[in-house]
Every structure is written in structure tokens, then in C-alpha cells.
Amino acid sequence: MGGDLTGKAIVPIVREGGGSYSAVVIGERRVAYTAEELDQLQSAIATNGMYPLIMDPDEARALHTDPAAQAEAFQLAILEELRVWIELADQRLPKTDGRAYVIPGNDDPWSIDPVLSGGSRVDACDEAIRRLGPHELLSFGYSNRTPWRTPRELDEDEIYVRLRRLADQLESPRSAIFNIHVPPRGSGLDTAYEVDDELRYVTKGGRPHEVPVGSTAVRQIIEEFQPLLSVHGHVHECKGIASLGKTVAINPGSDYASGRLDGCLVDLAEDRVLGHYLVSG
């Protein structure tokens with residue numbers, strides 16, 4: 001799992017008179033009158049990458065006017081939800097021979113790291129190398145600088161230094177797998193709409209302007225070491241498969257607002273990629 005694990009915001013669901021509940025979901029006020037409708041409302045919020053919190057009107061008003069309380073509630077929601085998933089992995093994965101190799105992405109707060117490390121079947125492998133059969137897995141969760149100033153961003157020079165330090169430890173770079181959150185620059189896996197300093201879309205010819213936003217350092221490392229496979233995330237809207245020299249590079253994309261999980265299944269021989277399949281479900 002290549003990062004950006006956590007949701008984007010909390011959404012209060014307010015208890016109203018008469019047993020109803022209300023919430024504003026992506027600008028639309030929605031009301032639930034039955035237990036079934038309340039479940040549907042919570043599901044709609046969660047599907048859009050946010051955390052539903054049921055509260056009284058007084059609590060909602062206090063939260064609305066207190067940024068510190070909002071931040072604290074958001075952190076608690078993130079950690080509670082992530083613990084549920086870690087516990088689920090610990091329950092289900094022992095029934096198989098699998099492990100989950102998980103790294104944070106640039107959007108993920110530092111507070112999740114101890115939770116990720118607390119699972120018995122989840123390997124929190126950021127900035128580390130793991131052995132996967134005949135392959136070595138190199139993982140790295142940071143991104144280059146973004147307009148959103150997210151928690152885990154580095155300058156390109158620092159990304160290169162850290163990746164080079166890891167890659168130099170590989171016994172066989174050519175058969176390695178690179179699990180790097182940010183895709184290589186100009187690979188076709190990193191195209192996004194350009195935004196200005198106010199986070200507004202830049203338009204050219206009346207249309208949003210697309211630009212590459214990946215990392216030059218990641219591209220340099222891949223071109224220098226030519227791993228068998230590199231898998232990426234970060235740019236959710238840019239699903240695809242590319243070749244960088246002998247390396248197969250993949251970004252499975254993300255479409256969580258639709259309620260689907262996107263991923264990629266890859267069949268590997270010791271010295272080549274046998275097949276790759278973008279999946280969604």
C-alpha cells in the first residue's frame with residue numbers, strides 16, 4: 001500500500017429534534033430520519049474520504065468556532081479508523097501466508113506512524129528494504145514540494161540523497177521493486193491540473209492546464225538503478241503503466257469518492273515482469 005491512507009476532513013452529523021440527524025456533505029445539507037438513512041449518511045461521508053462524527057448541536061457549534069478542537073477531533077478520527085483497519089489485517093492475514101507492506105504518503109500525518117507499526121501482520125516499511133522472495137522491496141513515502149504544503153514533503157535534492165542511500169544497500173537492483181509514493185517526473189503517471197498560489201486551477205485556452213508534478217529525483221534514481229518494477233501513487237487521477245528503460249512503472253490511481261478501491265496485480269518472475277493488471281472493485 002503506497003500511501004495517502006487517511007481521510008481529508010471530519011463532518012459533524014448533528015442530532016436534531018424529533019430524532020433526525022443532519023449534515024453538510026460536499027456543500028449539500030442532508031437529513032436522516034431513520035436508522036437506515038443515518039447509516040446511508042455516514043457511508044456517503046466516509047466514501048468521500050471524510051470522517052462522520054455524531055454530536056449534539058452545542059458540540060457542533062463549539063467545534064465550528066474552535067480550530068484547535070477541530071484539529072484534535074480530526075486526529076482522533078484518523079487514528080481510531082486506522083486502528084480498525086490494522087486490527088482487521090491482524091485478524092484476517094494470519095489465515096493466509098500474506099503480509100501487508102504499508103507506507104504513508106505525503107498527505108498522512110506523523111501521528112499514524114505508531115499505529116502502523118503496532119500491527120503484527122502489517123509491515124510499516126517506509127525508508128526501508130524488505131525481502132520478498134527473490135526480490136527486494138525499497139519503500140519511500142515522501143513527495144516533492146506541493147502547493148498544499150503537506151506533512152511529508154522534501155526538496156528534490158534531499159529525496160535523491162535518501163533514495164540513493166537506500167538503493168545503494170540493494171544486493172540486486174535489477175530485480176528490485178521500488179515502492180515510492182510520488183511518481184517519476186514526466187512519466188505520464190504524474191499529470192495533474194496546475195494550480196496557483198491560491199490553489200485555484202490555472203486555465204489556458206479556457207480549459208484547466210495539465211502539467212507533470214512528479215519527482216525529478218525519483219526519475220533519476222529509477223533511470224540509474226533500473227529496478228524490475230516501480231509502483232507509485234500520489235497523483236490520484238493519473239492511472240497508468242509506463243516504461244522507463246527496463247523498468248515497468250505503475251500508478252494504479254485512486255477513485256475513493258466512487259466507493260471503489262483501485263490497485264494493481266503484478267505477476268513477477270525473478271528477472272522480468274510477466275504481467276500486470278489494473279483492478280478496481
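The values are calculated or read from the model by the stated rules, or taken from the named source; none is laboratory data. If you're wondering where the values come from, they're calculated on a predicted model, not measured in any experiment. Cβ placement follows ideal geometry from the backbone for every residue including glycine, while neighbour counts extend to all protein chains displayed. With ligands, DNA and RNA removed, areas are computed over all heavy atoms of the protein, side chains included. Shrake-Rupley method; radii C 1.70, N 1.55, O 1.52, S 1.80 Å.
Listing for the model above:
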read-out: Checking residue 4 against (1) surrounded by 12 or more Cβ atoms within 10 Å (Cβ to Cβ); (2) part of a helix (DSSP H, G or I); (3) of a type outside the set (Lys, Arg), the condition it does not meet; value: (2)
read-out: Residues located in segment 211-248, provided they are over 16 Å from residue 143 (Cβ atoms), outside any helix (DSSP H, G or I) and not β-branched (Val, Ile, Thr); value: 226, 227, 228, 229, 239, 240, 242, 243, 244, 245, 246
read-out: Qualifying positions in segment 76-117 - assigned to a helix (DSSP H, G or I), basic (Lys, Arg) and touching a helix residue (DSSP H, G or I) at 6+ places or on another chain (Cβ under 9 Å); value: 83
read-out: Residue list for segment 54-103, filter: farther than 15 Å from residue 115 by Cα and in contact (Cβ under 8 Å) with a residue 60 or more places away in the chain; value: 70, 73, 74
read-out: Contacts under 6 angstrom Cβ, first residue in segment 21-39 being loosely packed, with under 11 Cβ neighbours inside 10 Å, partner at pLDDT below 95, 6 or more apart; value: none
read-out: Test: residue 51 is without any contact (Cβ under 8 Å) to a residue 40 or more places away in the chain, in contact with a helix residue (DSSP H, G or I) (Cβ under 6 Å, 6 or more places away or on another chain) and among the aromatic types (Phe, Trp, Tyr); value: no
read-out: Residue 163 being modelled with pLDDT under 95, aliphatic (A, V, I, L, M) and farther than 30 Å from residue 83 by Cβ; value: no
read-out: Which numbered condition residue 98 fails, given (1) surrounded by 13 or more Cβ atoms within 10 Å (Cβ to Cβ); (2) modelled with pLDDT under 95; (3) not β-branched (Val, Ile, Thr); value: (1)
read-out: Candidate set from segment 1-15 (those that are charged (D, E, K, R) and in contact with a strand residue (DSSP E or B) (Cβ under 8 Å, 6 or more places away or on another chain)); member that is farthest from residue 232 (Cα to Cα); value: 15
read-out: Total residues in segment 205-241, condition open to solvent by less than 40 Å² (accessible area, probe 1.4 Å) and over 23 Å from residue 132 (Cα atoms); value: 8
read-out: Considering residues of segment 251-267 that are of a type in the set (D, E, K, R) and modelled with pLDDT under 90 only, the residue least open to solvent (accessible area, probe 1.4 Å); value: 255
read-out: Residue tally, condition free of Cβ contacts under 8 Å to residues at least 40 places away in the same chain and loosely packed, with under 15 Cβ neighbours inside 10 Å, over segment 105-132; value: 8
read-out: Residues (farther than 25 Å from residue 240 by Cβ, at pLDDT 95 or above and open to solvent by 30 Å² or more (accessible area, probe 1.4 Å)) located in segment 166-199; value: 168, 169, 171, 172
